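Notes follow once the structure below has been shown.
Just so you know, all these numbers are worked out from the coordinates, no wet-lab data involved. Keep in mind the model is a prediction, meaning the values are calculated, not measured. Cβ: placed from backbone, ideal geometry, glycine included. Neighbour counts: every protein chain shown.
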Amino acid sequence: MSGWTTDEMPRLDGKTVVVTGANSGLGYEGTRAFAEKGATVVMACRSVDRGERAADEIRRESAAARDDLDLDVRECDLASLDSVATFGEGLGDDYDAVDVLCNNAGVMAIPRSETEDGFETQFGVNHLGHFALTGRLFPLLEAAEGVGGDARVVTQSSGAHEQGEMDFSDLNWERSYGKWKAYGRSKLANLLFAYELQRRINDPEGGDDPEGDDPGLRSVACHPGYAATNLQLRTAEESGNPLLKAGMKAANAVLGQDAATGSLPMLYAATADVDGGAYVEPSGLMNMRGTPTVGRSNEASYDRADARRLWEYSEEATGVEFSI
Ligand SMILES: NC(=O)c1ccc[n+]([C@@H]2O[C@H](COP(=O)([O-])OP(=O)(O)OC[C@H]3O[C@@H](n4cnc5c(N)ncnc54)[C@H](OP(=O)(O)O)[C@@H]3O)[C@@H](O)[C@H]2O)c1
């Protein structure tokens, strides 16, 4: 495979990187790569046990000497706004700055359920939890030197955003529920959020100025293509359909790239010379696999009116306002 790899990542000594969903799949591989480059990685996991086990495994398997890796496992359940707030407070107490925040955790196409705060789970975890987390960590991001001159907020979306449609009359899927439609909408929401964050950083007055002054913070979106991780297996498990599990395993084995390759767009978005507001995706066949490149998401994801509306809803729903 040619193209950008982790070899091209800069050293990250003295940098603090927060990764959600760090115990599994893309978050696990991203954590390993950031840590091997010298960063302190805060592993934001919904289960501290699973996080500690993952941290031990990374230390055991890492190419770098065990003691060189600085991994800090903390509880952050994105299905609970209280948990996100507590996580944010803890980080504020213990860290002066956050150089990179990777909004990576997610669930895909699960049966309808609700978060602790009563939001449909895919929308609540994939979008609202990360919205609240980013807002809570914003002062720490503003305080950071960042990477390449700017702190970075990296938001992991999916090619499935193309199947997403915003319906502001039923964001929580109370009238009807399609598990794949809800996944698509949550991933479209990730993009609307990532691009709107960049617009607000560029122009806090709410204008459309895409350039703005030197903002000191870049919001970059990405998607991994198709990577074989627990994501598909959880979808199958929660469906209760044994055939789906067998099918997902087979599809992962045949079509999926490994999780380390799937984590490259996130790592590129976090450390390479990429503009705020960019969309990083795999460069290979149908953008499903391969090394990262800057691409373009669908038209709906750049809809400014939807982005504003989602932002306003998210502020009200989570009670979190950004200090931009
Ligand atoms: N793999 C792909 O092909 C693919 C394609 C497109 C987009 N993505 C996106 O990539 C991201 C990472 O997925 P992955 O493939 O690495 O899947 P994964 O292996 O299943 O990892 C998902 C991570 O999210 C965590 N998570 C789930 N619910 C959470 C919650 N309530 N609070 C905090 N963390 C929670 C999981 O924790 P537990 O282990 O505790 O469940 C796990 O650490 C997701 O946003 C997904 O939508 C993946």
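Computed values, structure above
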{"read-out": "So Glu52, is it under 14 Å from the mean Cα position of the chain (by Cα), acidic (Asp, Glu) and either within 21 Å of Thr261 (Cα to Cα) or within 16 Å of the ligand (Cβ to nearest atom) (or both)", "value": "no"}
{"read-out": "Pair list, Cβ under 7 Å, 6 or more apart: the range 246-274 residue polar (S, T, N, Q), other residue part of a helix (DSSP H, G or I)", "value": "Asn252/Gln232; Ser263/Leu26; Ser263/Glu29; Ser263/Gly30; Ser263/Ala33"}
{"read-out": "Single match in Asp82, Asp77 (criterion: closer than 19 Å to Val320 by Cα, within 14 Å of the ligand (Cβ to nearest atom) and within 18 Å of the chain's Cα centre (by Cα))", "value": "Asp77"}
{"read-out": "Tally, over the range 1-33, of residues that are within 20 Å of Val48 (Cβ to Cβ) and either among the small types (Gly, Ala, Ser) or in a loop (DSSP other than H, G, I, E, B) (or both)", "value": "7"}
{"read-out": "Members of the range 21-61 found to be crowded, with 19+ Cβ neighbours inside 10 Å and either over 25 Å from His223 (Cβ atoms) or β-branched (Val, Ile, Thr) (or both), listed by number", "value": "Thr31, Thr40, Val41, Val42, Ala55, Ile58"}
{"read-out": "Residue in the range 62-69 that is over 20 Å from the mean Cα position of the chain (by Cα), farther than 22 Å from Ala307 by Cα and among the polar types (S, T, N, Q) present", "value": "yes"}
{"read-out": "Scan of the range 153-167 for residues that are out of contact with any Asp or Glu (no Cβ under 8 Å at 6 or more places or on another chain) and either free of Cβ contacts under 8 Å to residues at least 12 places away in the same chain or more than 14 Å from the ligand (Cβ to nearest atom) (or both), ordered by number", "value": "Val153, Glu165, Asp167"}
{"read-out": "Qualifying residue in the range 83-95 (condition: without any contact (Cβ under 8 Å) to a residue 40 or more places away in the chain and in contact with an Asp or Glu (Cβ under 7 Å, 6 or more places away or on another chain))", "value": "yes"}
{"read-out": "Members of the range 262-291 that are closer than 18 Å to Ala160 by Cβ and β-branched (Val, Ile, Thr)", "value": "Val280"}
